Structure formats: C-alpha cells, structure tokens
1. Go through region 14-50 and give me each residue that's more than 16 Å from residue 221 (Cβ to Cβ), within 17 Å of the chain's Cα centre (by Cα) and hydroxyl-bearing (Ser, Thr, Tyr).
2. Taking the conditions exactly as written (touching a strand residue (DSSP E or B) at 6+ places or on another chain (Cβ under 8 Å), hydroxyl-bearing (Ser, Thr, Tyr) and more than 24 Å from residue 46 (Cβ to Cβ)), does residue 96 satisfy them or not?
3. For region 150-183, what are the residues that are in a helix (DSSP H, G or I), touching a helix residue (DSSP H, G or I) at 6+ places or on another chain (Cβ under 8 Å) and either within 26 Å of residue 116 (Cα to Cα) or of a type in the set (A, V, I, L, M, F, W, C) (or both)?
4. Taking only pairs six or more apart or across chains, which ones have beta-carbon atoms under 9 Å, a first residue in region 84-96 that is more than 10 Å from residue 69 (Cα to Cα), and a second residue that is aromatic (Phe, Trp, Tyr) and surrounded by fewer than 16 Cβ atoms within 10 Å (Cβ to Cβ)?
5. With the requirement that a residue be at pLDDT below 95 and of a type in the set (A, V, I, L, M), what does region 100-128 give you?
6. Working only within region 117-136, note down all residues that are among the charged types (D, E, K, R) and crowded, with 17+ Cβ neighbours inside 10 Å.
7. Give the residues of region 107-140 that are more than 25 Å from residue 37 (Cβ to Cβ), of a type in the set (A, V, I, L, M, F, W, C) and not in a loop (DSSP other than H, G, I, E, B), sorted by residue number.
8. Evaluate the following for residue 114: is it exposed (fewer than 15 other Cβ atoms within 10 Å of the Cβ) and at positive phi?
Amino acid sequence: MGPIRPLEERVEVADNPEPRCPCLLLLDTSGSMKGERLAALTRGLFTFRAALAADPIAARRIEVAVVTFGSRVDVVQPFIAPDRFVPPALTGSGQTHMAEGIERALTLIASRKGFYKRQGLFYYRPWVFMITDGQPEGESETAVAHAAARLRRYEAEKRVAFFAVGVGGADMAALQKMVVRPPLPLRELAFDDLFLWLSASMQSVSRSQPGDKVELPRMSWIARVGAFVREHEKVIENLSTMARIGLKFTLGV
C-alpha cells in the first residue's frame, strides 16, 4: 500500500476531478512599475478573475498563481481556482530580479505538476505570462544565463508555454535574450484588453482535449510602434492574427 495522501489533497481531488489548466502570472513589481502602471495592472487582474470565474468550465479547470519580482521574489498567490483568487495588492520598489522570478515560477509549476501526477489528474501545458517594463537588474550574468537556459529547455521539452509582455519602455531586445517567443509590446496600459484576451485563451484551452491545437483570439492589445516591432513584425502579426497558435496541451512531463 502506498503512502497516505494528505487529507487536503484528497478532498480537493474528490471535489473536483477535472483536468487542470495552470496559468502563472509573473509580475514585475520593481520601482519603475510603481504608480499608474501597477494600478492599471491590478485593475486588469480583477478583470481576469471575473472573466474566468464566470465560466463554469474554466472555474473548475483553470488554476491561477502569482509570482512577483522586484528586489525580492515572492509567491504572493499559490495555485488556486479563479473563484477563490483575490488579486493581490501590488507595490513597486527596488530592482528587477527577473532571472530569480523566472526560476521561482518554473519551480512552482514543477511542484504543481507533481501534485497533479500524484493525484492522477490530467493537465494541460502550463502557461506563464510575464509582465515587465524592464530587463534583469542586480543579478549576476551567471544567474541570468542559467534562468534563460532553463526556460529554453522547458520550452523545448514542452513543459511550459512562456509569454513575455513588455510595458512602456521595456527593452524588447533584452527580453528576447531571456525568452523563446518574441516578447509582445503592450499598447499603452491596455491591461484590461490583455487580461480579457488571456482569460478567453485560457477558456479555449480548458475546453480542449489534451493534445489538441487551440484557437486563440486576436491580440488586439499589442502596440504597433518601435524598432523591435518592425524587426519582428511578421512573427508578431502571425501571433496576433493566425487561427491556430500551434500550441499543443498534453499530459506534461
């Protein structure tokens, strides 16, 4: 006989045996995000929560977690169902410990997938959505390189789908060195549009069968200015308008 599962795990699974669709929000709370940017981001989180909680399938399948990174990195919300998700109060200060934030996010996802596996739950490939107006600060080149390499390995092994969104004057070229997909520039402070897109996308994923390709809505929140956008215009336009993004959501590794 195997080890006895913790009571809270057994109760959670008995109450909801649906496949899980984890979505982790990795949010920059450095000093440069302070003020209007974090206020708009917080409003977007409430929009995200309301849209997911109103969908009965998404409310049972999607799980939301939040990790913030400034001069310190915090798991401010472990994975939780949308109807129980309370958007955290976000305050900006310090530098941008992005590499540490990425590492913490990937570790949290690995831990949650371990939970799914122990309980015999199917799950879709996790999404990480990083929102930042900067680039790594106050971290060693070794730490930054390690985080970037780990992320690229996880993407190659289909352990995660990682999206980076640049706010304001974010250095898109620097972000591209950290991530696999071209980072996407946010139109002004259109966080409500971004989170409505994200909620609609996650709802589409939650209704799919593991292994399906999922149709995603148009990314109307993307900015259309700047040298980086011009350089990657074709790739970004494809991400914005194509009927299928080509992501498969399977029982992960």
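The values are calculated or read from the model by the stated rules, or taken from the named source; none is laboratory data. Not measured: the values here are computed from a predicted model. Heads up, the Cβs are rebuilt from the backbone with ideal geometry, glycines too, and the neighbour counts pull from every protein chain shown.
1. Hits for region 14-50 are 29, 42.
2. yes
3. 150, 151, 154, 172, 173, 178
4. Filtered contacts from region 84-96: 87/46.
5. 121
6. Scanning region 117-136 gives 125, 133.
7. The answer is 109, 110, 115.
8. When the stated conditions are applied, residue 114 does not pass them.
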